[in-house]
Amino acid sequence: MSKKGINQIVVGNFYNSEEYYCPNPEKKFGTMRYFFTGDNCSVALHMIPAGAPQAPEHHHVHEQFLLVPQGDGKAIVDGVEYDSEPGFFAYCPSGVPHGYNASEATYCCWNLDIFYPERLEYEKDNYFRLLAQGKKPMETQITKDTVEFV
Ligand SMILES: [Fe+2]
């Protein structure tokens, strides 16, 4: 038994784990986030509308792969801005600052982030853990004041 608690196969539809992040109070450019955590890693899938304000640059102890299946926004990695056409990816070692900017994007950006180790700060509302416990995952309202953009 894992000390962290999932340690079992869990199958579901991740669209049911929908969380909402809105970087401005007018809620004009909300970003959808689907987030889930295993025992040792985490995944976050973001849908970022074209024109959304820049997500703040940040860093964390987790290694992060940033993959862009769709979109024409800008990725910022260690102070360097990159055009993130579909297929763009970046690997950010622990502690490297990074962010994403869709403010000048012309169409919706999809951004998939993979973290190691898991993002324990999101433990409370973890979709897979709730499913493993026989609970129904709930929609969670996230604001800029309660969580950093990942
Ligand atoms: Fe991050």
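The values are calculated or read from the model by the stated rules, or taken from the named source; none is laboratory data. Nothing here was measured: the structure is a model prediction, and the numbers come from that model. Quick reminder, even Gly has a Cβ in these numbers, built from the backbone with ideal geometry, and neighbours come from all protein chains shown.
General remarks:
- Restricting the stretch 42-53 to residues that are in a loop (DSSP other than H, G, I, E, B) and hydrophobic (A, V, I, L, M, F, W, C), the residue that is modelled with the lowest pLDDT is 52.
- The single condition from (1) modelled with pLDDT of 90 or more; (2) surrounded by 19 or more Cβ atoms within 10 Å (Cβ to Cβ); (3) out of contact with any Leu (no Cβ under 9 Å at 6 or more places or on another chain) that residue 113 fails is (3).
- Count of the stretch 65-84 residues which are more than 12 Å from the ligand (Cβ to nearest atom) and over 19 Å from residue 107 (Cα atoms): 3
- Test: residue in the stretch 100-107 that is out of contact with any helix residue (DSSP H, G or I) (no Cβ under 6 Å at 6 or more places or on another chain), within 15 Å of the ligand (Cβ to nearest atom) and free of Cβ contacts under 8 Å to residues at least 60 places away in the same chain: yes
- Verdict on residue 56 being farther than 25 Å from residue 118 by Cβ and either modelled with pLDDT under 85 or of a type in the set (A, V, I, L, M, F, W, C) (or both): no
- Set side by side, the residues 62, 58 differ, and just one is surrounded by 15 or more Cβ atoms within 10 Å (Cβ to Cβ) and within 10 Å of the ligand (Cβ to nearest atom), which is 62.
- Search result, residues across the stretch 79-93 that are within 14 Å of residue 103 (Cα to Cα) and in contact (Cβ under 8 Å) with a residue 24 or more places away in the chain: 84
- Picking from residues in the stretch 20-41 that are in contact with a Pro (Cβ under 8 Å, 6 or more places away or on another chain) and at pLDDT 80 or above, the one that is surrounded by the fewest Cβ atoms within 10 Å (Cβ to Cβ) is 40.
- Every condition in (1) hydrophobic (A, V, I, L, M, F, W, C); (2) over 30 Å from residue 6 (Cβ atoms); (3) at pLDDT below 95 is met by residue 77 except one, and the failing one is (3).
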